[in-house]
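Here is the structure we will look at, set down as structure tokens.
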Amino acid sequence: MATAALLSTPAAAQTTLVQGDDVVVTANRTERPVDQVGQSVTVIDSTEIAARQSQAVVDLLRTVPGVSFTRAGGIGTVASVNIRGADPQQTLLLVDGVKLDDPASPGGGYDFGNLLVGNIDRIEVVRGAQSVIWGSRAIGGVVNVITRAPSDDREFVAKGEYGWRDTVNTTANASGKLGPVSASLGGQYFRTDGFSAFNEARGGRERDGYRQYGANGKLAVDLTDGFSLEARGRYSDAKIDLDGFPAPTFALADTADYSYNKELSGYAGARLALFDGAFRNRLGVAYSRIDRANFGATGPATFDSRGLNRRFEYQGVIQTGIVQATIGAESERSRFDALSFGTASRARALIKSVYGELTLTPVRGVALTGGVRHDDHSRFGGETTAAGNVVLSPNDGRTVFRASYGEGFGAPSLYQLFGDYGNQRLVPERANSWDAGVTQRLLGDAVQVQATYFHRDTRNQIDFVSCFGVTSAICVNRPFGTYDNIRRTRAEGVEATLVLQPVEPLRVAFAYAYLDAKNRDTGRVLARRPSESVNMVADYRWAFGLSTGATITHVGDSFENATNSVRLDGYVLVDLRASLPIGDRFEVFGRVENLFDEAYETVYLYGTPRRAAYGGVRLKL
């Protein structure tokens, strides 16, 4: 069975813990019971996604321990995800197994602002450096998003909702199987009048709207019991109104600026299982393309870019008794073309990689995993990373001890190397991370407790260097600035979760995270990294079918800038929701977000959503 299809199988709704026989893929790049996974993993499954009713993926991720996000305005504006205090470009995003980097963006990472929930069926978050399995950028961790997979029976699902500031959100997906062919095809349309990206409390007045339409699809053909072909893809087309920095003050203000963003990603491959499934092989090609264009009120585009990635990959998994070995090879070619105020720039690079991972399960309750990877970059040479973890359960999963060590590296982005401010002497960012934790189940599954300590040191971090008034060698012929490997950072902290399910209809999950993330050279706190966060997600299903729930999120204070001179105050958000089935095919639902109309900022001067209400209906045929 294809990995994507496997991942669509719903488990019990869990945003903080996964347990026992639940299967995860992201941590080891192959299906594995979570009690054999040494890394810290969080799963947001289809049941949880439906219950939360969120529109954007970042709003689901904000309750994951150790994860924080920032957004420069409303839905659709630039959004960044930080895992355990790592920089945003050090979070690797996968959509249906395809890496979504943007080589044309300054840091090369992905803008989460355009990632809507739509037909997403499952999200896995792995925290800690994961470069052995996933390569460059997986320093903070990996977010793996899986859309709806083909179902065995013909199925059609649809959702429509309407709410605050003329927001319309519709999705639909059809799937089924006919003989050896199974398919899933879906689409989404979203629009909203929005609110001013320039904080209305600071003078913003005009509404900055957003619209997106997109499609997702998966196709699998089982030619024999051990041989199959598969293809999957995703497309989105979005427009967002922006606020800018007009002359003569060049301060943030309402403007008529706007931006277009188009994303296309896909994968096609073949799977071959040999020796009764003991040797599983996968060969495929992945492709992603992100086009961005920014416009002012009049005239041509002020910025126009295209970022491309094309990756050929092979992976083999060998299972013999107590040993599982994973081997793989990849060839990834990246390219960007950009035009900024009439100045063109373009570049390309090639990374060739090989990796291997070995897992031993010598006795029940023990799993030992180690791996190594070598990447050869066409611009700066080779990098080797290693990782290892151990899982120990002395009592059939009621108590699980985990410890992991991982190394990460981040190749300089093509923009950092060859863009307007590029520096071809950059070297990769490197990180060493480790964590250790314990999970305890009590009273059956009525109580689950988990606590983890983590630590990460990162060196050679790339940052922008201003050259105004600077005469050092690095600023020669670079009057406005450039990039350099100038930062060393350290992040450490604690993640803790408590899940209570005293009776079947009621589930309450608490999550707490403490983070100490600093620049080791200056001793200052890293920008936009809250030191504490607390979340509670509670849901109750009444005997007559009504489901009600609440999410409470507290995020502590942080600093806007590296000098720690501008503080961002902490905030508390309360969301309420309810849904009620009508017969076997319909369900009505509604929610209120930011119930107490909290005013807050995750990026200085930029607005955030105030109190809002939405309602809608789901259909399943």
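Okay, residues lined up against (1) at pLDDT 95 or above; (2) at positive phi; (3) of a type in the set (Gly, Ala, Ser):
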| residue | (1), (2), (3) |
| --- | --- |
| Thr302 | no, no, no |
| Asn309 | yes, no, no |
| Phe312 | yes, no, no |
| Ile327 | yes, no, no |
| Ala338 | no, no, yes |
| Gly342 | no, yes, yes |
| Gly356 | yes, no, yes |
| Thr359 | yes, no, no |
| Asp375 | yes, no, no |
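Of the residues making up the stretch 49-72, those that are closer than 14 Å to Val145 by Cβ and either modelled with pLDDT under 95 or of a type in the set (D, E, K, R) (or both) number 1.
Against the definition (aromatic (Phe, Trp, Tyr) and touching a residue at least 40 places away in the same chain (Cβ under 8 Å)), how does Phe544 come out, yes or no?
no
The single residue among Asp575, Asp557 that is surrounded by 15 or more Cβ atoms within 10 Å (Cβ to Cβ), of a type outside the set (Lys, Arg) and closer than 28 Å to Gln450 by Cβ turns out to be Asp575. Once the stretch 604-621 is narrowed to residues that are aliphatic (A, V, I, L, M) and either free of Cβ contacts under 8 Å to residues at least 60 places away in the same chain or not in a strand (DSSP E or B) (or both), the residue that is nearest to Thr167 (Cα to Cα) is Leu605.
Does Val508 satisfy being within 30 Å of Glu492 (Cβ to Cβ), surrounded by fewer than 18 Cβ atoms within 10 Å (Cβ to Cβ) and modelled with pLDDT of 95 or more? Considered against the rule, which asks whether it is within 30 Å of Glu492 (Cβ to Cβ), surrounded by fewer than 18 Cβ atoms within 10 Å (Cβ to Cβ) and modelled with pLDDT of 95 or more, Val508 comes out as yes.
Conditions tested, residue by residue: (1) among the small types (Gly, Ala, Ser); (2) in contact (Cβ under 8 Å) with a residue 12 or more places away in the chain; (3) in contact with a Phe, Trp or Tyr (Cβ under 8 Å, 6 or more places away or on another chain).
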| site | (1), (2), (3) |
| --- | --- |
| Lys218 | no, yes, no |
| Phe227 | no, yes, no |
| Lys239 | no, yes, yes |
| Thr249 | no, no, no |
| Ala268 | yes, yes, no |
| Asn309 | no, yes, yes |
| Gly316 | yes, yes, yes |
| Gly321 | yes, no, no |
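Beta carbons closer than 7 Å, at least 6 apart along the sequence or on distinct chains, pair a first residue in the stretch 191-203 that is in contact (Cβ under 8 Å) with a residue 60 or more places away in the chain with a second that is among the polar types (S, T, N, Q) for Thr192/Thr167; Ala197/Thr77. Every condition in (1) modelled with pLDDT under 95; (2) within 23 Å of the chain's Cα centre (by Cα) is met by Tyr606 except one, and the failing one is (1). The set of residues in the stretch 216-238 being crowded, with 18+ Cβ neighbours inside 10 Å and either closer than 19 Å to Asn114 by Cβ or acidic (Asp, Glu) (or both) consists of Asn216, Gly217, Asp222, Glu230, Arg232, Gly233, Arg234, Ser236, Ala238.
Pairing residues of the stretch 468-480 that are of a type in the set (Lys, Arg) with residues that are surrounded by 10 or more Cβ atoms within 10 Å (Cβ to Cβ) and at pLDDT below 80, at Cβ distances under 8 Å and at least 6 apart in sequence or on separate chains, gives no pairs at all. Step by step: first the residues of the stretch 272-300, then only those that are assigned to a strand (DSSP E or B) and of a type in the set (Phe, Trp, Tyr), then the one that is modelled with the lowest pLDDT. Which residue is that? Checked the stretch 272-300; the qualifying residue modelled with the lowest pLDDT is Phe295. When restricted to residues that are closer than 21 Å to Ala86 by Cα and part of a loop (DSSP other than H, G, I, E, B), the stretch 526-571 contains 17. All conditions but one from (1) surrounded by fewer than 20 Cβ atoms within 10 Å (Cβ to Cβ); (2) within 30 Å of Val566 (Cβ to Cβ) apply to Ala538; the one that does not is (2). Would you say Ile318 is modelled with pLDDT of 95 or more, under 30 Å from Val363 (Cβ atoms) and under 26 Å from the mean Cα position of the chain (by Cα)? It is false that Ile318 is modelled with pLDDT of 95 or more, under 30 Å from Val363 (Cβ atoms) and under 26 Å from the mean Cα position of the chain (by Cα). The single condition among (1) surrounded by fewer than 16 Cβ atoms within 10 Å (Cβ to Cβ); (2) in a strand (DSSP E or B) that Gln448 does not satisfy is (1).
The values are calculated or read from the model by the stated rules, or taken from the named source; none is laboratory data. What you see is a predicted model, and the numbers here were worked out from it, not measured in a lab. Note that we place each Cβ from the backbone using ideal geometry, even for glycine, and neighbour counts take in every protein chain shown.
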